[in-house]
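J.: Just passing along the structure, written as structure tokens.
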Amino acid sequence: MAHQAHAIPWGVLSSNFKFTSKSQRHGGKTNLYPRRNAAQGKELMYFARGFAQAVEAMSRTEREKYPQSYDEVGPSDFLIDDVTEAKIRNTVRRARMANTRDYGHRGPCPVTYVHGCTCPISPEDRTILPWKVVDNMNQYPTYPSPHEDSPDLLNALLLHGQIDALLRIAAQPSANLEALWDPISYRGNTGFGELMRATLMSYICLNVSYLKPETYDATARAAYLAKEHRDPPTEPEDMDYRKTRGYVKMLRRCTDRSSYDVHLYPHREFYGIIPDKPPVSWGGWRDVVDLATQGANITQEYVPLKSDIPVITRYLQQKGLPHELAFDILDHAEYIPRRRLLIPGDPLHHENAEELRKYLKFCWKLLVSCNVLAEATGKKIHWVYEITRSIVDLWSADGLKTKRQNYDQISDQYLTICGRNGFSFI
């Protein structure tokens, strides 16, 4: 069963697309292609609105868990308490270490401007200072020096579910979290808008793929191919969801290396991919002309599994090493657990079912958290637009009728949308 199936009409979305391998009509590309359904537009918009309503309803429930209002604090008072700081500390340190590298070369830390710095969260980071973002007519937002990694700090709080801290920050009159939704910056900062969009794309792609068992289950595949009327027939090995352009696009968006990429950490860990090339420019994930069949054939060096750690430490202890020394050896070997799937590279494998369930639950919670934060800024996320745009990015093709909606026609009650244009299917 797809995630949140009681609230989101996944079956309606899935039924409007069909897996086709090496489609002659579409230049030999493999993907989920739209069926020629007369009610397609209405059904896709029904899905988008149903999804939007589900997120908004869950957001209202989530918001009720926290105080309705927060007191204004002084300039040196902490907005991030000790408990929250401890939860996000390693993520922020990891991000700051990564951000000192520019195409493989170490640069200065964006906080201390010291080369090779691995500073933790400073007292100033925990005050209002990082959130006093000045949005200059939606051009280059400027940050109170030296807090140019404010978007990373915000994304770390979201990833760790620290909603109380975010609501407290958003309630401060001098905070401008709206500017961190889609910050335009010469440093390439990524705001929580892209965090939401990457998560949404992965969530939609996996749920729909799950409803196509013929693309990952041997028994369902055999039954499907036995009924297929195609000349030449589809080869069993080609009937694989990981070979679709939509899946490859999603995988690239969620795991590719980029500057300021805290928002990708949980996706890389789930998919078990560690990027090994320089950062790409924003939007590069859409260029998959040469990646049409790479989704199922991505070669990676071994990525440590979280469950490996107790096995390895137990083995080292059996060799007579003290418990503390075993962990020192793992640290020295840089054996960092960054994979969750037991069967790597195949999220829908039946042995990965439990991790898939946890990941989809995490994605859903993250989408809800983004919505709670957006409303705390006084704006809304245009969910219908974001959902339809994600569908277009994943499975757009001839037969998927779309109608562009100009950005200027969208109410200013919403946070900015990506690409200046929205889509409607009717």
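The values are calculated or read from the model by the stated rules, or taken from the named source; none is laboratory data. Here the structure is a predicted model, which means the values were calculated and not measured. All Cβ positions, glycine included, derive from the backbone under ideal geometry; neighbour counts span all protein chains shown.
J.: Just checking, does region 225-237 include any residue being closer than 23 Å to residue 24 by Cα and touching a residue at least 24 places away in the same chain (Cβ under 8 Å)?
T.: Within region 225-237, one or more residues are closer than 23 Å to residue 24 by Cα and touching a residue at least 24 places away in the same chain (Cβ under 8 Å).
J.: Give the residues of region 243-269 that are hydroxyl-bearing (Ser, Thr, Tyr) and surrounded by 21 or more Cβ atoms within 10 Å (Cβ to Cβ), sorted by residue number.
T.: Of everything in region 243-269, those that are hydroxyl-bearing (Ser, Thr, Tyr) and surrounded by 21 or more Cβ atoms within 10 Å (Cβ to Cβ) turn out to be 244, 247, 255, 260.
J.: I'd like the full set of residues that are in contact with a Phe, Trp or Tyr (Cβ under 6 Å, 6 or more places away or on another chain) and of a type outside the set (Phe, Trp, Tyr), limited to region 390-404.
T.: 392, 397, 402
J.: Additional query: Is it the case that residue 220 is under 22 Å from residue 342 (Cβ atoms), without any contact (Cβ under 8 Å) to a residue 24 or more places away in the chain and among the hydrophobic types (A, V, I, L, M, F, W, C)?
T.: Against the criterion (under 22 Å from residue 342 (Cβ atoms), without any contact (Cβ under 8 Å) to a residue 24 or more places away in the chain and among the hydrophobic types (A, V, I, L, M, F, W, C)), residue 220 qualifies.
J.: If I filter region 130-165 down to residues being modelled with pLDDT under 90 and among the hydrophobic types (A, V, I, L, M, F, W, C), which single residue comes out as nearest to residue 363 (Cα to Cα)?
T.: Applying the filter and picking the extreme gives 133.
J.: Scan region 110-123 and tell me whether some residue there is within 26 Å of residue 178 (Cβ to Cβ), in a helix (DSSP H, G or I) and either touching a Gly at 6+ places or on another chain (Cβ under 9 Å) or modelled with pLDDT under 55 (or both).
T.: No, region 110-123 has no match at all.
J.: Would you check if residue 68 is assigned to a loop (DSSP other than H, G, I, E, B), out of contact with any helix residue (DSSP H, G or I) (no Cβ under 6 Å at 6 or more places or on another chain) and either among the polar types (S, T, N, Q) or touching a residue at least 60 places away in the same chain (Cβ under 8 Å) (or both)?
T.: yes
J.: Still on this structure: Residue under question is residue 15, and the condition is that it be modelled with pLDDT of 95 or more, of a type in the set (S, T, N, Q) and more than 30 Å from residue 393 (Cα to Cα); does it hold?
T.: no
J.: Right, something else. Does residue 60 meet the test of being farther than 20 Å from residue 163 by Cβ and either loosely packed, with under 14 Cβ neighbours inside 10 Å or of a type in the set (A, V, I, L, M, F, W, C) (or both)?
T.: Spelling it out, it is not the case that residue 60 is farther than 20 Å from residue 163 by Cβ and either loosely packed, with under 14 Cβ neighbours inside 10 Å or of a type in the set (A, V, I, L, M, F, W, C) (or both).
J.: Is there a residue being touching a residue at least 24 places away in the same chain (Cβ under 8 Å), more than 29 Å from residue 403 (Cα to Cα) and assigned to a loop (DSSP other than H, G, I, E, B) anywhere in region 15-27?
T.: No: zero hits.
J.: What are the residues in region 376-415 that are assigned to a helix (DSSP H, G or I) and more than 30 Å from residue 20 (Cβ to Cβ), if any?
T.: Residues satisfying the conditions are 376, 407, 408, 409.
J.: Considering region 166-191 alone, what residues qualify as being under 11 Å from residue 155 (Cβ atoms) and either modelled with pLDDT of 95 or more or in contact with a strand residue (DSSP E or B) (Cβ under 8 Å, 6 or more places away or on another chain) (or both)?
T.: Selection gives 166 alone.
J.: Cβ-Cβ distance below 7 Å, separation of 6 or more or different chains: which pairs start in region 153-180 with a residue that is farther than 12 Å from residue 131 by Cβ and end on one that is basic (Lys, Arg) and part of a helix (DSSP H, G or I)?
T.: Here the result reads 160/87; 161/365; 162/87, each pair linking region 153-180 to a residue that is basic (Lys, Arg) and part of a helix (DSSP H, G or I).
J.: Continuing with the same structure: Would you say residue 343 is surrounded by fewer than 19 Cβ atoms within 10 Å (Cβ to Cβ), within 25 Å of the chain's Cα centre (by Cα), of a type in the set (Val, Ile, Thr) and modelled with pLDDT under 75?
T.: no
J.: Hey, can you tell me all the residues within region 33-58 that are under 19 Å from residue 398 (Cβ atoms) and in a helix (DSSP H, G or I)?
T.: Result: 40, 41, 43, 44.
J.: Would you check if residue 226 is under 18 Å from residue 349 (Cβ atoms) and among the small types (Gly, Ala, Ser)?
T.: Taking the combined requirement at face value, the residue does not satisfy it.
J.: Then there's this: If I filter region 28-52 down to residues being free of Cβ contacts under 8 Å to residues at least 40 places away in the same chain and under 27 Å from the mean Cα position of the chain (by Cα), which single residue comes out as surrounded by the most Cβ atoms within 10 Å (Cβ to Cβ)?
T.: Looking at the filtered set, the residue picked out is 43.
Let's see how each residue does on (1) at pLDDT below 95; (2) touching a strand residue (DSSP E or B) at 6+ places or on another chain (Cβ under 7 Å); (3) of a type in the set (S, T, N, Q):
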| position | (1), (2), (3) |
| --- | --- |
| 3 | no, no, no |
| 11 | no, no, no |
| 32 | no, yes, no |
| 44 | no, no, no |
| 49 | no, no, no |
| 54 | no, no, no |
| 58 | no, no, no |
| 80 | no, no, no |
| 99 | yes, no, yes |
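J.: Testing residue 202 on (1) in a loop (DSSP other than H, G, I, E, B); (2) in contact with a helix residue (DSSP H, G or I) (Cβ under 8 Å, 6 or more places away or on another chain); (3) not acidic (Asp, Glu), one condition comes back false. Which one is that?
T.: (1)
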